[in-house]
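A.B. asks: Below: one structure in structure tokens.
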Amino acid sequence: MKFYESEPFHISRERKTHSCIPSDHYHDAYEILYVVSGELYYFIGDRTYQVVGGVLLLIDMNDVHRLVNSNGAMYERVTLLFKKEFLQSFATAMKEIDPFACFHSGSNAVKLRGQEQNFIENLCDRMIRENTDPSPQSELYVKLLLMEMLIFIKRKWDKGPFIESNRSHGQVSQIINYIHENYNRRLTLDDISRRFYLSQSHLSRIFKESTGFTLIEYINSIRVKEASTMLKNSKLTVSEIAEIVGFESLTHFGRIFKGIVGVPPLKYRKMNQSL
């Protein structure tokens with residue numbers, strides 16, 4: 001077990017296949033970990049979480065934890081560490097809302113809906129930009145963004161319980177890996193249940209128990225994340241992108257994309273090209 005002394009504030013976003021800290025460890029800071037894509041196992045104290053893209057983890061100061069990427073596939077995550085003293089200038093506000101209560105609750109995983117994922121990723125990207133290219137106002141702005149994130153998480157926590165820790169299902173890992181490799185093909189509950197020799201009801205239940213998402217929610221989330229990247233970084237038409245990521249009709253793609261991201265694909269492209 002290793003102890004790592006933390007900076008007052010740190011944030012990074014990485015795509016990788018293995019953790020640089022594979023052993024049990026702990027920090028003298030709060031940690032917020034957001035899984036952008038992929039599948040990971042997180043061991044926090046005596047609890048186990050099977051987390052996928054769209055799940056946010058809260059790790060308390062000095063909580064022993066460890067990441068395991070069991071299938072060795074690519075994953076993307078944002079790691080945010082901060083000390084309580086970093087937000088000292090907000091001490092009065094923090095007493096009123098107690099944003100740290102979520103870290104002490106014993107339930108560490110938060111499932112985010114599509115628009116919530118977009119909101120959190122946007123906050124993280126802005127913090128990363130301010131850290132990478134700082135100006136005289138950057139530290140204050142990062143603190144405001146962090147407080148906004150903590151208030152959002154506190155509101156989620158107040159509305160209901162977080163995802164409980166679970167016994168990991170080996171079959172669910174195989175299914176998640178299969179989805180990541182084949183999201184651009186026709187995938188239905190029936191197709192996947194037949195492939196893995198499971199009844200549809202059993203597959204639906206264990207997938208939801210393990211990930212917090214329904215199977216169709218997760219497939220659509222993966223497709224929309226890939227489409228978002230293409231809309232920002234390619235000149236392909238919306239119709240071409242819809243087909244590439246596995247949607248059988250442009251209308252269906254547009255409806256699912258807007259439901260998850262909050263805006264239609266063309267508007268999303270225009271918004272991100274203007275940044």
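A.B. asks: Hey, can you tell me all the residues within segment 135-159 that are of a type in the set (S, T, Y) and either assigned to a helix (DSSP H, G or I) or in contact (Cβ under 8 Å) with a residue 24 or more places away in the chain (or both)?
C.D. replies: Once the filter is applied, which keeps residues that are of a type in the set (S, T, Y) and either assigned to a helix (DSSP H, G or I) or in contact (Cβ under 8 Å) with a residue 24 or more places away in the chain (or both), segment 135-159 yields S138, Y141.
A.B. asks: Does F103 satisfy the condition of being over 27 Å from T229 (Cβ atoms), in contact with a Leu (Cβ under 7 Å, 6 or more places away or on another chain) and either charged (D, E, K, R) or not in a strand (DSSP E or B) (or both)?
C.D. replies: Against the criterion (over 27 Å from T229 (Cβ atoms), in contact with a Leu (Cβ under 7 Å, 6 or more places away or on another chain) and either charged (D, E, K, R) or not in a strand (DSSP E or B) (or both)), F103 qualifies.
A.B. asks: I've got another one for you. Scan segment 34-62 for residues that are at pLDDT below 85 and among the small types (G, A, S) and jot them down.
C.D. replies: G45
A.B. asks: What do you reckon, is I128 among the β-branched types (V, I, T), within 20 Å of H10 (Cβ to Cβ) and touching a residue at least 60 places away in the same chain (Cβ under 8 Å)?
C.D. replies: So I128 fits the description; yes.
A.B. asks: Go through segment 191-275 and tell me which helices (runs of 4 or more DSSP H), entirely inside it, have 3 or more residues that are buried (at least 18 other Cβ atoms within 10 Å of the Cβ), touching a residue at least 24 places away in the same chain (Cβ under 8 Å) and among the small types (G, A, S).
C.D. replies: 215-233
A.B. asks: Let me ask something else about it. Counting only residues that are in a helix (DSSP H, G or I) and exposed (fewer than 15 other Cβ atoms within 10 Å of the Cβ), which one in segment 180-190 is farthest from the chain's Cα centre (by Cα)?
C.D. replies: Going through the qualifying residues, I end up with D190.
A.B. asks: Within segment 53-77, restricting attention to residues that are of a type in the set (D, E, K, R) and touching a residue at least 40 places away in the same chain (Cβ under 8 Å), which residue is farthest from Q171 (Cα to Cα)?
C.D. replies: Here the residue is D60.
The values are calculated or read from the model by the stated rules, or taken from the named source; none is laboratory data. Every value quoted in this text rests on a predicted model; they were computed, and no experiment measured them. Every residue, glycine among them, receives a Cβ derived from its backbone with ideal geometry; neighbour counts consider all protein chains shown.
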